Amino acid sequence: MSGLIEWYAQQPDSVIVAQIGAMAVVVTVLGSVLVALRTHASIAKQQRAAEVRKTKQQYYNAFFEAFFRKHLSLSVTPNNAEARLEADTALCAEAGRLPLYASQEFTELIGKSMEGPKEAAEVTTAKMYQLMREDLVTDDYKAFKDLKFPRMMLPGPVAPPPSSS
């Protein structure tokens with residue numbers, strides 16, 4: 001070690017300054033590369049989260065469209081069995097997709113609403129929208145814990161059209 005100190009003591013000041021400058025450049029370049037890598041990783045993570053949020057929003061939109069179509073078919077065209085069957089089928093398909101993207105609370109709330117008319121009356125659209133918005137603004141994934149999978153109300157049979165005799 002003392003040999004290295006003696007060697008530096010024999011060098012002109014310009015060589016020592018040049019070596020210090022070269023080491024400063026190396027440290028600066030390495031620091032810049034590390035900062036660039038971390039920034040890129042952070043941006044990529046934010047982009048993935050935005051894509052997931054957009055996909056979840058599209059699924060939620062499809063679910064709410066089917067949900068409201070079913071309720072409209074019950075109130076607007078209660079005697080049109082074919083429209084009701086189509087609306088029921090669409091809602092069952094969308095409800096079946098809920099565990100793929102929705103939170104456990106939302107999935108169980110919809111499952112409760114599909115158990116029967118009394119349970120459906122207890123579920124408000126305000127509560128559904130609240131849970132959906134909470135799910136869309138959180139980027140963390142929470143695994144289901146003892147998920148009570150919604151029982152699907154399968155669409156009923158379509159009544160035959162009245163005979164024209």
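The values are calculated or read from the model by the stated rules, or taken from the named source; none is laboratory data. Remember, it's a predicted structure, so these values are computed and weren't measured experimentally. Here the Cβ is made from the backbone with ideal geometry for all residues, glycine too, and neighbour counts use every protein chain on show.
Yes/no per residue for (1) assigned to a loop (DSSP other than H, G, I, E, B); (2) surrounded by 14 or more Cβ atoms within 10 Å (Cβ to Cβ); (3) modelled with pLDDT under 85; (4) of a type outside the set (A, V, I, L, M, F, W, C):
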position: 109; (1), (2), (3), (4): no, yes, no, no
position: 132; (1), (2), (3), (4): no, yes, no, no
position: 136; (1), (2), (3), (4): no, yes, no, no
position: 147; (1), (2), (3), (4): yes, no, yes, no
position: 164; (1), (2), (3), (4): yes, no, yes, yes
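From the set of residues in segment 69-86 that are of a type outside the set (A, V, I, L, M) and part of a loop (DSSP other than H, G, I, E, B), which is surrounded by the fewest Cβ atoms within 10 Å (Cβ to Cβ)?
Going residue by residue through segment 69-86, those that are of a type outside the set (A, V, I, L, M) are 69-71, 73, 75, 77-80, 82, 84, 86.
Applying the additional criterion that residues be part of a loop (DSSP other than H, G, I, E, B) yields 77-80.
Details: 77: 13, 78: 10, 79: 7, 80: 13.
Going through the qualifying residues, I end up with 79.
Restricting attention to segment 72-86, does a residue exist that is within 20 Å of residue 147 (Cα to Cα) and more than 17 Å from the chain's Cα centre (by Cα)? Steps first, please.
As a first pass, look at segment 72-86 and keep what is within 20 Å of residue 147 (Cα to Cα): none.
No, segment 72-86 has no match at all.
Filter segment 5-56 down to the residues that are of a type in the set (Phe, Trp, Tyr) and either in contact (Cβ under 8 Å) with a residue 12 or more places away in the chain or exposed (fewer than 10 other Cβ atoms within 10 Å of the Cβ) (or both) and list them by number.
To start, the set of residues in segment 5-56 that are of a type in the set (Phe, Trp, Tyr) comprises 7-8.
Of everything in segment 5-56, just one residue is of a type in the set (Phe, Trp, Tyr) and either in contact (Cβ under 8 Å) with a residue 12 or more places away in the chain or exposed (fewer than 10 other Cβ atoms within 10 Å of the Cβ) (or both), namely 7.
Does residue 89 satisfy being surrounded by fewer than 14 Cβ atoms within 10 Å (Cβ to Cβ), farther than 22 Å from residue 55 by Cβ and either β-branched (Val, Ile, Thr) or touching a residue at least 12 places away in the same chain (Cβ under 8 Å) (or both)? Explain how you work it out, then say what you get.
Numbers: surrounded by fewer than 14 Cβ atoms within 10 Å (Cβ to Cβ): no; farther than 22 Å from residue 55 by Cβ: yes; either β-branched (Val, Ile, Thr) or touching a residue at least 12 places away in the same chain (Cβ under 8 Å) (or both): yes.
The answer is no for residue 89.
Considering (1) surrounded by fewer than 19 Cβ atoms within 10 Å (Cβ to Cβ); (2) within 17 Å of residue 61 (Cβ to Cβ); (3) of a type in the set (A, V, I, L, M), say which one residue 98 fails and leave the rest.
Condition not satisfied by residue 98: (1).
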